[in-house]
Each structure stands twice: as structure tokens, then as C-alpha cells.
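All remarks here apply to the structure that follows.
The values are calculated or read from the model by the stated rules, or taken from the named source; none is laboratory data. Note that the structure is predicted; figures quoted are calculated from it, not measured. Cβ coordinates were reconstructed from backbone atoms using ideal geometry, including for glycine residues, and neighbour counts include every protein chain displayed.
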Amino acid sequence: MSMIVRPDAPTRPGPLRRPAAARFAARFALVLVGLGTLAGWAVSPAGAQPNSCAKHGCVDVVAVNGLVDGIEADFIVDTLASARRSDGVVAVVLQFDSGGSAVGDERLDQVARAIVDSDVPVSVWIGPSGSEALGGAAELVQVADSSGIAPGASIGDVGSQRLSVDEFGDLFTGKKAKGLEATLTGQAAVRAGLVTRFSPTVGDHLVNLDGVKTETRTEDGERRTVPLTTVRFSKLPLTTQLFHTVASPSVAYLLLTIGLGLLLFEFFTAGIGIAGVVGALFTVLGGYGLAELPHAQWALVVFVASFVAFGIDVQTGIPRLWTAIGLVGFTVSSVFLMTDFRPTWIALIAGIGGIAATMITGMPAMVRTRFSTPTIDRDWLVGESGRAATPIDPEGNVKVAGGLWRARADTDAPVPSGDAVRVVAVDGVVLEVEADDTALTDASDPSD
């Protein structure tokens, strides 16, 4: 069997820099160009492989993992078309491990039609152990020329047939009707007629296909039937696989959650940096994945609106009513965002718990640290007396406790230079003062 396989001290002027928006645009453009280039590499024919079928022909084994989304649907159709154009391909085996179909009924019909109309026999093997073919994937199994299932693999949970009855007939009649509501494994699936044969390994499945040449060999004292026909394994190209993975419910949900969280974080920081770029990229990828999956529009609106609610409280640095509203909205929308295929409970708990911790503790702390003025250890100046070093109208300088400070008059009346003042408040590095006729002379600097 052959295989091809981050202030009060003065600061020096820094170097001239481009505006933050320009920096962001440049970075994001580079990201998009990179993705576009990678996507271009991935546009090679789905079934492009070495064409050495030799004298015994070839069997193409194509891995179909995860939901049958638009990417997988295109992959299947393109693979079958490629097999038809290739000389020596005697069969195509779709190796299924799919929890269902995320494409519309019309697109699912197109995939089934490609299988039925294929000039090259199409077989499906559900394996290895633990694999599944549920929902729309189970329907595709029924229209294949033959099928096999590994021990511990399962098929069924169709619900109602989505493939056109007029074109493909009623696929779940008689004993097969068990597959509409139940999930059957191994031999039970064979007895129900949902699969053709029980095949523990892909090799066992291959040697039972029409057109595959085999021979019997003795290995370790056991006689085994092995294929002489060349077996070629293929799967989605790396970049295409990335987008297929992004279109899974848990990944799409977490990317969208993290992306919007990073964008909110970046909105309350100075300039646009790596968090903004990553947040934008994650949001785009999460949005793509969500678009590939059945979802509720109202839940998406509530999902995005919850981050707006978070932002209202984040700017105050204290989580209050809007944070609570945002958390309720985020939780509800997280649960109901996707309709047919929902994120796992682990993903939901991670997303909801992470956002709750971030918005209640993390973001307020960040905003207070980033935008608070340096009043620490200066509250003791309140009540201290001094003298105006310059006229204060409404701002100027005062001498208090032996130091020269920026000051602002607490009233509309200006304070002449040399008059006594008293500190009534501290606003960052600026002292709010008022005229103090009762101040002692020694409150001023001896040099005055």
C-alpha cells in the first residue's frame, strides 16, 4: 500500500511619528496583504496531487473534518471534478468526521448532486473510531455509491431530511428511519442500512471497493489483503484549513469576543498599537466564521451592543449599571447567537467569565492607571498656605511648602502676585487655591 502523502516631569521631544490612525492603517493593511497572499497560495486545485497512478490506478482518500461549511463543500465538489479529469483514478473515498452541515439546503443539494453524478465511484468511510457523520453529513453518506464505518464511529441525528426528496428520494425509509432521531454506531449502523459495510480501518474499506486491485500477503504470520492500487491522501490546504477552523462555532465565538474586547481596550488607550491590530484581525476572522454559520441576527445586535454598554462605564473607571446591562446582554446573546451549532459550554464559560472579569476589574483598573492624574502623596497639600509667585488669573504659580507649583484660582476673583493663598484641592499637578488673609507670614518662602 503506497502513500503520497507605555508626567509631571519634563519630557524631551521624541522623534516624529506618523499619526496613530496612519500607523494602524499601515499595520492592518500588511495583515490583509499577508492573508491575501496566503489565500492565493491556497487556490491550487483541491485534488492537486502527484499524477503517478501507475498501472494499478489510484484511489483518492479525502479528509472531510468538522462541519460541512462552504469551504468543505467546495473542497468536495472540486475534488470530484479533479478526479474526473485525471487519468487512472478508480475511486474517491470521503473520510468523514463531521457533526453536520452548515451550508444552505441548495448548496447541500449541489454537493450531493456532485457525488451522484460523479463519473468516478464515490465512497464514504466514517472513521477512525470516534468519528461521526451527523445531520447533513449523514445525508451525503446515503447518496454515495458505498460506505463504511469504523468501530466507535457514529452516524444519524438527521432530524428531517434536507436534501431534495424530489431529486434524491426519501433517504431514510424503513430501518434507516432510525437515523432521523438516533445516532447509531458501528455494526448497529450497518444493520440499520445507514452504511454499507463495517470497516475497522481505511485499508479494510479500500480493499472492498470495486476497481481497487488487491493482493493477499502474509505479514507476521497473518494473511492480509492489501491494495495494489496507489492510495493518495489529501486534505484542505493549510490556509484554507485556517478559515475552515475559524468557521467552527467555538472558535468563531471566542475570536469575536476577544476581538471586540481588544478593540474596546484599544479605544481607551493612547494611540493605536498591537492590541488594535490584533483586535481588528480577530474581529474580522470571527465575523467571517459567524457568517459561515447559522446565527440569530437579533443576538448579534445584542452581542455588539453589550460592548457599547461596557464602554460607557469603562470611561468612568467604575463598573456600574451599564456594566451590569452589558453583562446580561452579553450572556444572553452568547447563548443564543448561533442557532443550529452552538459553542461548547467550555467556550461559553470562558467567554462570559473572561469578559465579566475584564469589565469588572481589568478594564476599570487599566483606565484608572492610564488616565488618572498623579495626585498620589499630594493630598497633604490641602489646607497648606503659601504665596502667589505670579498673578493667578485664573492660573499662575504659587509657592507652597518650599516648592513652586502650578495653581488655579478657586474663585473668579484674581489673586495678585505676593498675596497669601491656601490650597483647597489638588487636581493632578495643579493646586486649586483661594486668597488667605489669615495666613502667617512664615508660610511664604523666606526669600520673598
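Summary of computed values
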{"item": "Selected residue (criterion: surrounded by the most Cβ atoms within 10 Å (Cβ to Cβ)) from residues of segment 107-150 that are touching a helix residue (DSSP H, G or I) at 6+ places or on another chain (Cβ under 8 Å), β-branched (Val, Ile, Thr) and closer than 25 Å to ASP166 by Cβ", "result": "VAL124"}
{"item": "Any hit, segment 173-192, residues being more than 37 Å from the chain's Cα centre (by Cα), hydroxyl-bearing (Ser, Thr, Tyr) and under 30 Å from SER82 (Cβ atoms)", "result": "no"}
{"item": "Every residue from segment 348-359 that is more than 22 Å from ALA247 (Cβ to Cβ) and touching a Lys or Arg at 6+ places or on another chain (Cβ under 9 Å)", "result": "none"}
{"item": "Answer residue from segment 378-412, given it is part of a helix (DSSP H, G or I) and either in contact with a strand residue (DSSP E or B) (Cβ under 7 Å, 6 or more places away or on another chain) or crowded, with 17+ Cβ neighbours inside 10 Å (or both) and is modelled with the highest pLDDT among those", "result": "LEU381"}
{"item": "Filter result (modelled with pLDDT under 70 and in a loop (DSSP other than H, G, I, E, B)) within segment 40-70", "result": "ALA42, VAL43, SER44, PRO45, ALA46, GLY47, ALA48, GLN49, PRO50, ASN51, SER52, ALA54"}
{"item": "Candidates PHE243, PHE310 - the one that is over 30 Å from VAL89 (Cβ atoms), crowded, with 20+ Cβ neighbours inside 10 Å and either among the basic types (Lys, Arg) or at pLDDT 85 or above (or both)", "result": "PHE310"}
{"item": "Segment 204-223, residues that are of a type outside the set (Asp, Glu) and loosely packed, with under 15 Cβ neighbours inside 10 Å", "result": "GLY211, LYS213, THR216, ARG217, THR218, GLY221, ARG223"}
